[in-house]
Amino acid sequence: MTRPEDSLAERQAALVAALVAGAPIPDGFDPRLIDTARRALLRKRSSEVARHWPMLAASFGERWPTVFAEWAEARPTRGSFQDGLALARSLPLTDLAAEELAAHQSTPWTRLLRRLRPRP
Amino acid sequence: MTGSTGEAGSYGVGIGWRPEIAGFVAALPGLRFTEVIAESVPASGPVPAPLATLREAGTAVIPHGVRLSLGGAEPVDPARVAHLAAAARQLDAPLVSEHIAFVRAGGLEAGHLLPLPRSREAVDAVVANVARTQAELPVPIALEPIAAIFDWPDDELDEAAFLSEILDRTGALLLLDIANVYANARNRGAEPTDLLDRLPLDRVAYVHVAGGAEHDGIYHDTHTHAVPQEVLDLVTELCARHRPPALLLERDGHYPPADTLRTELDAIATASGYPVVT
């Protein structure tokens, strides 16, 4: 918990940790409003990840913001692409979402191997 | 680009350039200015073609930073400042803009603009970071107050005093987001015109206009919903006091059909008395 006599840097760090990393809410803030802000940040993050990972997001339909928020709640962002990658690797995927993951993980060498693989 | 402005150097009504609506923006016959997210402009190499085309047509393009964290207690990252300055040079911009906010602390990214405590210590931090930034910029900077879902527990200054002191001490221009004025007043149960009456409106470089929606009993400045009539009415209130040289519609997602965007731009023109750009 931070106190008013703590430095601005410490107080800002404690607030950000409460908003994105599941840390306790610093004293004096309105917990209802901080929670509202926390959820607004998760919604914004979920739509940014959806832009990088449209198939992944679409595979959950209207549940996407909730699915993402549950996963992301205590995980500070590592960037929208990395967040989507980590989420995609941690869940069972639909075919389209799995293809999207495979495409994002592809390199010239994985593509070469796929081309060399005999077609069924 | 100064040659392309109209009456008394005004730019009138504009819209923020985003890749998703590049075609719409390019087709606006009366557009004199737009804004691009500064972090998306390459620091070197050719300017992205759609922006280069707008520049050739005489449309001013203002780099709008969102991740500098001018309100952070730590000094601004010199690489981010250098990038903002490079974007201004690349686009031959008349000015740049950033927020009075912080976006990271203690090694964590917040993912959005967070409010500062309205304290002397925070004013000092912002003023020092703005000075560091101004030292590298080839053009003036306009500072934008944000919409805050929450306030800090121990504010020493009210919003007008906090902003006026920052503007006075930095000599910066004001980017007034009228939708943020509306959102903050609504969420704090205050009159939005009270703030307009106390801000240095002669320092306004331009104005942001955006939509929002209520969620959890709080009005959120989403930029993904329609501009409410109350925000347009506030544009009229502002222009009655001091008409800014430019007003810009910000839309950042859930892009509506072109006709809807045109109607919103026309409504801003009507509310401000500037010519339509559509």
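A 1.4 Å probe run over the protein chains yields, for region B:145-278, 39 Å² of accessible area per residue, whole-number rounding. Remark: accessible area buried at the A-B interface is about 2400 Å², both chains counted, probe radius 1.4 Å.
Calculated over chain A, the projected area of the Cα convex hull averaged across directions stands at 9.6 nm².
Taking B:Leu167, B:Leu157, B:Leu84 as the candidate residues, the one with maximal mean-square fluctuation in a Gaussian network model of chain B, Cα springs under 10 Å, is B:Leu157. Mean sequence separation of contacting Cα pairs (under 8 Å, at least six apart), scaled by the length of region B:2-272, corresponds to a relative contact order of 17 percent. FRET efficiency for the pair B:Asp158 and B:Asp252, taken as 1/(1 + (r/R0)^6) with r the Cβ-Cβ distance and R0 = 25 Å, rounds to 0.30. Counting heavy atoms of the protein chains alone, B:Phe24 has an accessible area of about 30 Å² for a 1.4 Å probe.
For chain A, the longest principal axis of the alpha carbon atoms and the long axis of helix A:80-90 meet at an angle near 70°. For the residues B:Ser10, A:Ser106, a 1.4 Å probe over the protein chains yields an accessible-area ranking, largest first, of A:Ser106, B:Ser10.
Per residue, chain A reaches -20500 deg cm²/dmol at 222 nm when only DSSP H runs of four or more residues are counted, each adding -39500 (n - 2.57). When B:Asp177, A:Asp35 are compared by accessible area at a 1.4 angstrom probe, the order from most to least is A:Asp35, B:Asp177.
The simple Förster model, with R0 at 25 Å and r as the Cβ-Cβ distance, assigns B:Thr53 and B:Glu136 a FRET efficiency of 0.35. Count Lys and Arg as plus one, Asp and Glu as minus one, and take only other residues whose Cβ is under 15 Å from that of B:Phe24; the net charge is then -4. Between A:Ser90 and A:Ala102, the simple spin-label model (points 7 angstrom out along Cα→Cβ) gives 2.4 nm. Accessible-area loss of 50 Å² or more (1.4 Å probe, protein heavy atoms, chain alone versus all protein chains) is found in region B:130-149 for B:Ile149.
A 1.4 Å probe run over the protein chains yields, for chain A, 60 Å² of accessible area per residue, whole-number rounding. Here region B:2-272 carries DSSP beta bridges of which approximately 20% are antiparallel, counting only pairs with both residues inside. Share of carbon and sulfur in the accessible area of the protein assembly as shown stands at 54%, probe radius 1.4 Å. The antiparallel fraction among DSSP beta bridges confined to the protein assembly as shown stands at about 20%. Over all orientations, region B:2-272 has a Cα convex hull whose mean projected area works out to 13.7 square nanometres. Of the residues B:Glu237, B:Glu264, the one with the largest accessible area comes first in the ranking B:Glu237, B:Glu264, computed with a 1.4 Å probe on protein heavy atoms. If you wrap the Cα atoms of the protein assembly as shown in a convex hull and average its projected area over all directions, you get 21.1 nm².
Among the residues of B:163-169, the average count of other protein chain beta-carbon atoms within 10 Å of the residue beta-carbon is 0.
Taking all protein chains together and rolling a 1.4 Å probe, B:Val13 ends up with roughly 0 Å² accessible.
The values are calculated or read from the model by the stated rules, or taken from the named source; none is laboratory data. Just so we're clear, the structure is a prediction, and the values are computed from it rather than from any experiment. Here the Cβ is made from the backbone with ideal geometry for all residues, glycine too, and neighbour counts use every protein chain on show. The accessibility values were calculated without ligands, DNA or RNA, using every heavy atom of the protein model including side chains. Shrake-Rupley method; radii C 1.70, N 1.55, O 1.52, S 1.80 Å.
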